[in-house]
Structure formats: structure tokens, C-alpha cells
Amino acid sequence: MPIYKVKLKGKQEIAAETMAFYFEKPKGFVYKAGQYVDYTLINPAETDAEGNTRGFSLASAPYENDLMSATRMRDTAFKRKLKTSALGAEFTLDAPGGSFTLHNNAAIPAVFVTGGIGVTPVRSIVLQAIHEKTAHRIFVFDSNKRPEDAVFLDELMKPHEKSPQYTFVGTMTEMEKSSRAWHGETGLITKTMLSKYIGDLSPPIYYIAGPPGMVVGLRKTLSESGVNDDNIRTEEFSGY
């Protein structure tokens, strides 16, 4: 992957213990929706065993002016420095990489099944597909404990109004711990929930992104439901 230097342009809390970071987009930088980048701190004041580099999905869509990534804020040297960096601070960018991208054949539906921070590349893919007015039928099933934990929830619910090709299904597993109202699905994503919205589960290509246990469990569910393994693509988000 090519190496660039980029400046931090903005940062904001977007969900419980979750922040989005905005970086300038290098001139001529091209990437596909769903790809990832490696950010490296330059001469940080502190470091730890996990090192000065982290890989994050690009949650920004390629048509947007800035690069944006989001992450859960664990207590590591890298994330402490990232959170406290002044606007204008420089980072090294090694990018782009990855193939967790929308398939080309628009006649085949795309089903994204995400948990927690795993939804970040899906924001990029969905917004870009709507921007380009692709003919893909797109479903997004996004599972979180509470609405307070759900990254880009309000934003991902909006495109449904703009595109009849797009369906968003959010589900919460611990609403008893929430102080927000929720009128969507509850409980884990199951074969029954998927079938309720998709119908026949065989035709689509599935993209699963989330904690390792969720990825393994849903791959097993889809395989047992008759989905061809070649139509299941996964990306694990562990440790954040």
C-alpha cells in the first residue's frame, strides 16, 4: 500500500465510548468503499506493546471530501494519543487495503450483517452505492446492545427514505439497559429474522462484520440455511 502523511481535521464522540476521527484526503487518493487503512503515530510521547500503528476501516464514502474512521476507545497508548491529538497533527497513512467491497453484479442482492463497530465499512459501502445509484438490492442487519452503542444508527436509517433498493434492520439485545426508545427489532440476528426481510436466503451475497464469535455463529447459521460458502464474506473486529 502507498504511504502518505495526513493531518487530523476533526474528532467527535458518535456512540458510547466510540469516536470518529476525520483526516484530510491526500491529493489523488483513491479507494473502494469498504477498504481499510493503517494509521501510524509519528514520534508519540508514549507507546505500549501494541505499537504505534492501527488498522481501521474507512467509514467515509469515496465521494466524501475527508477520510473518516471510527473506533471504540480502549485504554491503550495509541488511542489515548489519538484522542488527545491536536487538530492539524500529522499521521502516517498506509492505504488502501482489503477486499470487503460490494460485488459487481447488481442482479445479486447484498446482505450486510454487522455487530457493534463492524458496521463502519458498511457505512462507506451503503452511502457510496446510494450516491452512485447502483441497482444493487441492499440489506443491512445491524446488532447492538443498546441504541446508545449503535454507530451511525440514525444515519444508516435515513437512506431508506431515499432509496427503495435499501433496507436497514436494526436490532438491540439489551434494551433493558437503555434509556432511549427503540421501535425496531430486538434479540440476536437469526435465520428467522433474516428470512422475515429477505425471503429466500440463497440468492444474496452476505458480508458479515463484527466480533469473532458473531462472525463464526452467523456463518454457521447461513451455511446450515443452504447459503453457498462462496457467497459468504467475513471481516472480524476483535479488540477494537
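How many angstrom lie between the C-alpha centres of the range 56-88 and the range 153-230?
Answer, in whole Å: 26.
When the convex hull of the Cα atoms of the chain is projected onto a plane and the area is averaged over all directions, what value comes out in nm²?
Seen from a random direction, the Cα hull of the chain projects 13.3 nm² on average.
Using r as the Cβ-Cβ distance of Asp200 and Lys32, and R0 as 22 Å, what FRET efficiency do you calculate, to the nearest 0.05?
On the way: r = 28 Å, r/R0 = 1.29.
It comes to 0.20.
What spacing in nm lies between the two simple spin-label points modelled at Glu64 and Ile3, each 7 Å away from Cα in the Cβ direction?
2.7
Suppose every K and R has +1 on its Cβ and every D and E has -1 on its Cβ; what is the size of the dipole of the chain about the Cα centre, in Debye to the nearest 20?
340
Okay, helix-only estimate at 222 nm for the chain: each DSSP H run of n ≥ 4 adds -39500 (n - 2.57), divide by all residues, round to 500 deg cm²/dmol; what do you get?
Calculated at 222 nm, the ellipticity per residue is -6000 deg cm²/dmol.
Pop a pseudo-label 7 angstrom from the Cα along the beta-carbon direction at both Ser99 and Leu188 and give the gap in nm to one decimal.
So the label points at Ser99 and Leu188 sit 3.0 nm apart.
Taking a virtual spin label 7 Å from the Cα of Ser179 along the C-beta vector, which residues in the range 124-155 bring their backbone nitrogen under 16 Å of it?
Those under the cut-off are 146-150.
What is the dipole size for the range 3-97, taken about its Cα centre, with +1 at each Lys and Arg Cβ and -1 at each Asp and Glu Cβ, in debye to the nearest 20?
Charge dipole of the range 3-97: 160 debye, to the nearest 20.
What lysines could a cross-link reach from Lys5, if we take a straight Cα to Cα line under 24 Å and drop same-chain neighbours fewer than 8 places away?
Lys25, Lys27, Lys32, Lys79, Lys81, Lys83
Which of the listed residues, Leu127, Gly116, Ala150, is farthest toward the dipole's positive end in the range 113-166, when Lys, Arg count +1 and Asp, Glu count -1 at the beta-carbon?
Leu127
Taking 7 Å along the Cα-to-C-beta vector as the label spot, tell me the Asn228-Thr84 distance in nanometres, rounded to one decimal.
Reported label-point gap for Asn228 and Thr84 is 5.3 nm.
Any read-out appearing in this document is the output of simple, stated calculations on the displayed coordinates, not a laboratory observation. These numbers were taken from a predicted model, which means no experiment stands behind them. With ideal geometry, Cβ positions are generated from the backbone for all residues, glycine too; neighbour counts draw on all protein chains shown.
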